[in-house]
Amino acid sequence: MTVKEYNNAVREFGDHVYRFILRSIKDSHRAGDIVQDTYEKLWRCVTEIEYGAVKSWLFSTAYNRMIDVIRKDSRIIGIEYYDDTSLYAEESSSDLNEVLHRALERLPAVQRSVILLRDYEGYNYREIGEITGLSEAQVKTYIFRGRVALRNYLVKTSVWQ
C-alpha cells in the first residue's frame with residue numbers, strides 16, 4: 001500500500017471504524033484511542049497490506065484492540081454480572097431510534113458487535129467471523145440471540161403497539 005492509499009483508507013474508513021467501536025464501548029475517548037492505535041498499527045504494516053484488504057484489516061484490528069481494552073478493564077474493575085432482565089424496558093417510548101440504541105446498549109459486547117457489523121456496516125457472516133475471530137456458526141448464533149433480545153425489548157417498550 002502506498003502513502004496515498006493509506007491516506008485514502010483514513011478518509012474512507014476512519015469514521016466507520018470509529019462509529020463501530022463507539023457503538024460497542026460507549027466511550028468516545030477510548031474509541032478514539034482504539035482507532036488511533038489501529039491506524040498506527042496499519043502505518044507500521046503499510047508495505048505488507050494490500051489496499052483491497054485494508055477495510056477488513058482495519059475492522060479486525062480495531063475489534064481485537066477493543067476486546068483487549070475490555071478484558072483489561074474487566075480485570076481492573078471486576079467482572080460484570082449480565083442480567084437478562086435488563087433487556088426489558090420499564091417505560092414506553094415512541095422514538096424507535098432512541099429505543100433501538102438503548103436496546104443495543106443492553107446487549108452483551110459480542111452480540112452488539114456482530115449485530116453492528118452485520119446490520120450497520122453490511123458485512124456478511126464470513127467477514128464478521130474473520131473480523132471477530134468467531135466461526136460462522138457462532139456469528140449466526142450471536143446475531144440470532146441478539147436480535148431476539150432486541151425484539152423482546154421492543155415488544156416490552158410498546159413501540160409496535
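Can Val139 be described as under 19 Å from the mean Cα position of the chain (by Cα), part of a helix (DSSP H, G or I), β-branched (Val, Ile, Thr) and modelled with pLDDT under 85?
No.
Check Tyr63, Tyr18, Tyr51 and return the single one that is touching an Asp or Glu at 6+ places or on another chain (Cβ under 6 Å) and either under 20 Å from Leu117 (Cα atoms) or of a type in the set (Ser, Thr, Tyr) (or both).
Details: Tyr63 fails: touching an Asp or Glu at 6+ places or on another chain (Cβ under 6 Å); Tyr18 fails: touching an Asp or Glu at 6+ places or on another chain (Cβ under 6 Å).
Result of the check over Tyr63, Tyr18, Tyr51: Tyr51.
Kindly provide the set of residues from segment 13-30 that are without any contact (Cβ under 8 Å) to a residue 24 or more places away in the chain and either hydroxyl-bearing (Ser, Thr, Tyr) or farther than 14 Å from Leu104 by Cα (or both), ordered by number. Don't jump to the end; show me each part of the working.
Here is the first cut: in segment 13-30, the ones without any contact (Cβ under 8 Å) to a residue 24 or more places away in the chain are 15, 18, 22, 27-29.
Across segment 13-30, the qualifying residues are Asp15, Tyr18, Asp27, Ser28, His29.
Tell me, which residue of segment 26-59 that is crowded, with 18+ Cβ neighbours inside 10 Å and within 13 Å of the chain's Cα centre (by Cα) is nearest to Gly122 (Cα to Cα)?
Among those that are crowded, with 18+ Cβ neighbours inside 10 Å and within 13 Å of the chain's Cα centre (by Cα), it is Phe59.
Scanning for something touching a Lys or Arg at 6+ places or on another chain (Cβ under 7 Å), more than 21 Å from Ile21 (Cα to Cα), at pLDDT below 85 and not assigned by TED's automatic domain parsing to the domain that holds Ala53, does segment 99-113 turn up at least one residue?
For segment 99-113, residues touching a Lys or Arg at 6+ places or on another chain (Cβ under 7 Å), more than 21 Å from Ile21 (Cα to Cα), at pLDDT below 85 and not assigned by TED's automatic domain parsing to the domain that holds Ala53: absent.
Among the residues of segment 106-138, what is the count of those that are more than 18 Å from Ile70 (Cβ to Cβ) and touching a residue at least 24 places away in the same chain (Cβ under 8 Å)?
Qualifying residue count, segment 106-138: 6.
Within segment 27-46, identify whether any single residue is farther than 14 Å from Ile131 by Cβ, of a type in the set (D, E, K, R) and modelled with pLDDT under 80, and answer yes or no.
No, segment 27-46 has no match at all.
The values are calculated or read from the model by the stated rules, or taken from the named source; none is laboratory data. Because the structure is predicted, anything quoted here is derived from the model rather than measured. In this analysis, Cβ positions are derived from the backbone assuming ideal geometry, glycine residues included, and neighbour counts consider all displayed protein chains.
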